[in-house]
1. Quick one: residue 68 ticks every box in (1) touching a helix residue (DSSP H, G or I) at 6+ places or on another chain (Cβ under 8 Å); (2) over 19 Å from residue 34 (Cβ atoms); (3) surrounded by fewer than 17 Cβ atoms within 10 Å (Cβ to Cβ) except a single one, so which number is it?
2. Could you identify the single residue in 54, 18 that is modelled with pLDDT of 95 or more, within 19 Å of residue 142 (Cα to Cα) and in a helix (DSSP H, G or I)?
3. Within region 73-82, does at least one residue satisfy the condition of being within 14 Å of residue 20 (Cβ to Cβ), out of contact with any strand residue (DSSP E or B) (no Cβ under 7 Å at 6 or more places or on another chain) and crowded, with 17+ Cβ neighbours inside 10 Å?
4. Just give me the residues in region 5-15 being free of Cβ contacts under 8 Å to residues at least 24 places away in the same chain and either surrounded by 17 or more Cβ atoms within 10 Å (Cβ to Cβ) or not in a helix (DSSP H, G or I) (or both), in sequence order.
5. Can you tell me which residue in region 102-133 is nearest to residue 39 (Cα to Cα), limited to those that are in contact (Cβ under 8 Å) with a residue 24 or more places away in the chain and not in a helix (DSSP H, G or I)?
């Protein structure tokens, strides 16, 4: 039992740490803060390429804290965005991760895709991939 009686929040914190720890291992990074930031940046970039219903379906499989960061700053009126190239997708992430010393670009983005392959259902991954432009979808390993 939680010392504050807020088991759902405690559980979400625990799950969020599990996700971050797994990503740190995949990345072979020392900074959990940078791994958390990369996960948020990649996931919000994915979100902005998805139709509203798919955005909601993905969110249902995320721990509460990750779900909150996934929706932070979302503007459904302007999604899905028109950008279609993998270079633009990676460039937008690079711009937000530029000062993270361990960040290596596309290889690290693929680690986030691998994390999602492991943490959400295969069916949901396939649905998300089907919504992405082919150029971006090609970056995401099959589940």
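1. Going through the list (1) touching a helix residue (DSSP H, G or I) at 6+ places or on another chain (Cβ under 8 Å); (2) over 19 Å from residue 34 (Cβ atoms); (3) surrounded by fewer than 17 Cβ atoms within 10 Å (Cβ to Cβ), residue 68 breaks only (1).
2. Details: 18 fails: within 19 Å of residue 142 (Cα to Cα).
Matching residue, one of 54, 18: 54.
3. no
4. Within region 5-15, 5, 6 meet the criteria.
5. Residue satisfying both the conditions and the ranking: 103.
The values are calculated or read from the model by the stated rules, or taken from the named source; none is laboratory data. Owing to the predicted nature of the structure, the values given are computational and were not obtained by experimental measurement. Virtual Cβ from ideal backbone geometry, glycine too; neighbours counted across all protein chains shown.
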